1. Here are GLY191, GLY173, GLY140: which of them is open to solvent by 50 Å² or more (accessible area, probe 1.4 Å) and modelled with pLDDT of 95 or more?
2. Does the stretch 93-107 contain at least one residue that is in contact with a Cys (Cβ under 7 Å, 6 or more places away or on another chain) and open to solvent by less than 30 Å² (accessible area, probe 1.4 Å)?
3. Among the residues in the stretch 176-194, are any hydroxyl-bearing (Ser, Thr, Tyr), assigned to a loop (DSSP other than H, G, I, E, B) and in contact (Cβ under 8 Å) with a residue 12 or more places away in the chain?
4. Would it be correct to say that VAL113 is part of a loop (DSSP other than H, G, I, E, B) and either free of Cβ contacts under 8 Å to residues at least 12 places away in the same chain or open to solvent by 10 Å² or more (accessible area, probe 1.4 Å) (or both)?
5. Name the single residue, out of those in the stretch 252-297 being in a strand (DSSP E or B) and within 16 Å of the ligand (Cβ to nearest atom), that is surrounded by the fewest Cβ atoms within 10 Å (Cβ to Cβ).
6. Kindly indicate whether any position in the stretch 82-99 is in a strand (DSSP E or B) and among the small types (Gly, Ala, Ser).
7. Of all residues in the stretch 345-386 being within 15 Å of the ligand (Cβ to nearest atom) and among the acidic types (Asp, Glu), which is least open to solvent (accessible area, probe 1.4 Å)?
Amino acid sequence: MSKQETKVNKIRDFHHESIANREEFWRREAERIHWDEPFTRVLDDSRPPFARWYVGGRTNLCYNAVDRWLPQYADRAALVWVSTEVDQERVYTRRQLYDEVNAAAAMLRGLGVERGDRVLLYMPMVPEAVFTMLACARIGAVHSVVFGGFASVNLAQRIDDAAPKVVVSADGGSRAGKVQAYKPLLDKALGLCAKPPQSVVIFDRGLAPFEAVAGRDLDYAELRREHWGRQVPIAWLESSEPSYVLYTSGTTGRPKGVQRDTGGYAVALAASMEYVFGGKPGDTYFCTSDIGWVVGHSYIVYGPLIAGQTTVLYEGTPVRPDGAILWQLVERFRVNALFSSPTAVRVLKRQDPALLKRHDLSSLHTVYLAGEPLDEPTARWLSDGLGKPVIDNYWQTESGWPILSAQPGVERTPARFGSPSFPTYGFDVRVVSETTGEDLPAGQKGVVAIVPPLPPGAMSTIWGDDARFVQTYFTSIPGRQYYSTFDWGRVDADGYWFILGRTDDVINVAGHRLGTREIEESISSHAGVAECAVVGVADELKGQVAMAFVVLKQAAPVDDPDAARALEGDIMRLVEQQLGAVARPALVRFVGALPKTRSGKVLRRAIVAVCEKRDPGDLTTIEDPSALEQIKESLQ
Ligand code: AMP
């Protein structure tokens, strides 16, 4: 056996052990965190596909992230905040983090927030967002962070579903040097809500002047002053009590609230910080994601802090002030592991490659990339340019941590660019046939599915809707109650996995997961629109972009190019106002009809093929072939 095969086998054995001796495996891993009361059972999966991990155990995410490391690391940096947007930096030691979190927890308690109540955050990348998340965890409140790039309709939907007691927000953020006002979007969202919360706390950065609503809006700084010095006792939660709800897009227009537990999540993150991210207490970890995404929850906030590491919170883009900013930060803060996205690297690829060599990167052991497919040339460019390993890891909001990844903390295996390597311990993941549900042999393309129970840290249910959880994720594989990732995949002869795109109508724009259905609903709310189809089309920089094809209520499509351009602009603005700039289609085209099957289903795959200048394949079910021709013509 070659040395490489031996290494791959070691990962395979580790994975096998985690499935075959599941309870023993996770019992051992549970020792990584502090339990106020020990659990009585590792796993209760008596009600499949639901899984409860560490039954009866009591713990707390905030305690494990902050208090637990105080004796050892009181004066060591816990949170480093750098904003190249507003040219500010702040470093918080664990002691200072403890003080801030306690003040924020006292503030929330003062506003009547109790264990199990929801608090919704709509915030830019500022330390106060992290304080508030940890403060929620401290008092047992369930936080729901909404990505700052989302707009009023998205926000209102999430507020209505989570029914938070308090919303914490800011006057604004900044992206690429442009101030983005949050407060007007929030006010608009609250106006759309069926039952808006009683209190809104605004962290005023002095970026975007706003009107405070008397009796509702409160000032973060003032509340902080009022509660400064208070110590708020930890709420010891039963392991399965929810820590947070994070909304994600699916095939319907209604976002799903992914609910996460407490104990399983803490253990899963702590283990991944060593096995996947090769880290140890005292290390410095820099994740460039946003707190509004799952990557930000797991690897800006909870993972590094629970593992006793320093976390870097960055407000800015990878190219300002120049394309070396990430490397400059790695050098300055002696970062050990960097986690970013393929899109960020594709942006950097357009810069001078010498920038990769400008800084001392001796502290950095590995770069991790996730959130969207990582193409081989991009991975190679970065790995060669830095002379560092680049690890592609595949996961979802639902899984909470990597499903597929190299695991250098277990064994360093050779990378195969284009592949996120192997199944991660705990995930019994398979490639199955979409028609029979059977496992497929190496080389064949099928649906990536996970045999329940899902491991610790994965979603426990959809917020407030157990039936929807089962229906959405566990009923699409024929004859098996497996979890569907809704991704296509393939395993090669050496056991390396490849992800081959979504099986559903979810698209991924620069790592942002969007439901085409949500964008279609937004476009359809325009008075002139009869119907529309939104598809994801391959894009060199962003992976995918959304393109919209619209049928207008007036009989003829827009013939006058100026009128068409004006209407396209109107529709783009509408989507931007309702959903946010991330959801704005790259182009909107007007057609007389959409290509549909005789049963009325829009032929999305055919539209995508035409947009990508590929052969649309089998069109025997198409009702009106000229509709596809119209799409082709509209693109010329
Ligand atoms: P999200 O829930 O927003 O993290 O999006 C999850 C989806 O992003 C997955 O279902 C995949 O379609 C895609 N994805 C995430 N990471 C990767 C990766 N490393 N390679 C390919 N696709 C990925």
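The values are calculated or read from the model by the stated rules, or taken from the named source; none is laboratory data. Since the structure is predicted, the reported quantities are computational estimates derived from the model, not experimental observations. Neighbour counts are summed over all protein chains in view; Cβ atoms, including those assigned to glycine, are modelled from backbone coordinates with ideal geometry. Note: areas computed on protein heavy atoms with side chains; ligands, DNA, RNA excluded. Shrake-Rupley method; radii C 1.70, N 1.55, O 1.52, S 1.80 Å.
1. Only one candidate qualifies: GLY191.
2. Yes, because at least one residue in the stretch 93-107 is in contact with a Cys (Cβ under 7 Å, 6 or more places away or on another chain) and open to solvent by less than 30 Å² (accessible area, probe 1.4 Å).
3. yes
4. no
5. GLN259
6. For the stretch 82-99, residues in a strand (DSSP E or B) and among the small types (Gly, Ala, Ser): present.
7. Step by step, filter the stretch 345-386, then rank; the result is GLU372.
For (1) surrounded by 13 or more Cβ atoms within 10 Å (Cβ to Cβ); (2) under 27 Å from the mean Cα position of the chain (by Cα); (3) in the same structural domain as VAL509 (by TED's automatic domain parsing), each residue gets a yes or a no:
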| site | (1), (2), (3) |
| --- | --- |
| GLY528 | yes, no, yes |
| GLN544 | yes, yes, yes |
| ALA548 | yes, yes, yes |
| ALA563 | no, no, yes |
| LEU579 | yes, yes, yes |
| LYS596 | yes, no, yes |
| ALA606 | yes, no, yes |
| PRO616 | yes, no, yes |
